[in-house]
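So the structure is just underneath, and the comments pick up after that.
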Amino acid sequence: MRPILLVVCALHASHALQAPRPRCTTSLQTPHRVTSLRASPPAETEEAPTAQWLGSLALAGAALGPVCDNFHSAAGVLGYTKYQIALGPAPDWWGGGHLFQTATWVPPLFALAALIIGGIDTLVSAQRPPPPELEKPSGRRVAGAVAAFVALYAFSALLATGLAPPTEALVLWPLALLLWKACDPTLASFVAGAATAVGGPAIEVALLGGGGLFAEPFGHLYAYGRPDVLGVESWILPVYFAGGPAVALVSRWLR
C-alpha cells in the first residue's frame, strides 16, 4: 500500500514541475501552494498502515495465545472452572482429557498483551533504534523467534509435571534470556520482556483472586495445580519474559 502511494505522489510532483507556471506568483502564494501539496500525502500514508499494523498484531496475539495456553491446560498445569473451551478427546499418550483446551477470554487477553508489547517496542526503539537487521527483521527470523517461544511454553508444561515451581523457574530463566540473546538482543525487546514478566503475572494474580484476597468475579476463573506465589506458579515469570522478544519481532515485522 505505501509503495503505491509513494509512486503516485512522485508522479503527481513530477507532473506539477512540468506544468506551465502561472502568470503571476507572489512570495506569499508560492509557499502556500508547496505546503498544501506536500502536507496532504503523508497524512494518508500514516493512517492506514498504523491501523493495519495494530489490527494484524492483535490478531496474531489472539491466535498465538490459545495455542500456547493449551499446553498448560492439556498437561494439567492449570484448570478452568468458567468459560472453558474443550475440543476433541485426547489420546492416552497426550494424557487423556481433551486435545484442545482454553477459555473464551484467553484470545482477547493475549491480543491486548501483543498490543502492549508492540507499543513498548515502538517507544523504546524510537529512543534506541535496533541495528538494521533487527529493525526490519526477516520473516525467517520472526518465525524462528515465535517457534522458540512456543517451544519454551510447551517445555514449561512438561517440566511442571515433575519439578517444584521454584526449581522450574531456575531452569527456565536461563533459557528465556538465551532466547532474547539469540532472537532479538535489543533494549526494546528486553524492556518489553521485563514488563511482560511483571505485568502478566500481576494480571493472573487478579484473575485468580490474589490467593483469596479478591472476591467474585475474580478468583474462580481458573486455578493452578501447585501455586506458590499469590495463586500463580513462580516459573510463569520467565515464560512471560520470553514472550517479549518474540512478540516484539512480530510487531516490528508487521509495522
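The values are calculated or read from the model by the stated rules, or taken from the named source; none is laboratory data. Just so it is clear, the structure is predicted and the values come from calculations on it, not from any experiment. Backbone-built Cβ (ideal geometry, glycine too); neighbour counts: all protein chains shown. Each accessible area value is taken on the protein alone, full model and side chains, heavy atoms only, with ligands, DNA and RNA left out. Shrake-Rupley method; radii C 1.70, N 1.55, O 1.52, S 1.80 Å.
Quick notes
- In the set (1) buried (at least 24 other Cβ atoms within 10 Å of the Cβ); (2) under 18 Å from residue 103 (Cβ atoms); (3) modelled with pLDDT of 85 or more, the condition left unmet by residue 208 is number (3).
- Boolean, residue 152 is at pLDDT 90 or above and either on the phi < 0 side of the Ramachandran plot or not aliphatic (A, V, I, L, M) (or both): yes
- Some residue of the range 227-250 being modelled with pLDDT of 85 or more, of a type in the set (Phe, Trp, Tyr) and either over 27 Å from residue 147 (Cα atoms) or not in a helix (DSSP H, G or I) (or both): yes
- For the range 193-200, the criterion of being over 13 Å from the mean Cα position of the chain (by Cα), at pLDDT 85 or above and open to solvent by 60 Å² or more (accessible area, probe 1.4 Å) is met by at least one residue.
- Boolean, residue 222 is surrounded by 14 or more Cβ atoms within 10 Å (Cβ to Cβ), within 22 Å of residue 65 (Cα to Cα) and at pLDDT 85 or above: no
- Screening residue 145 against (1) touching a Cys at 6+ places or on another chain (Cβ under 8 Å); (2) at pLDDT below 85 leaves a single unmet condition, (2).
- Across the range 110-135, the qualifying residues are those that are at pLDDT below 85 and open to solvent by 60 Å² or more (accessible area, probe 1.4 Å), and the one among them that is nearest to residue 186 (Cα to Cα) is 135.
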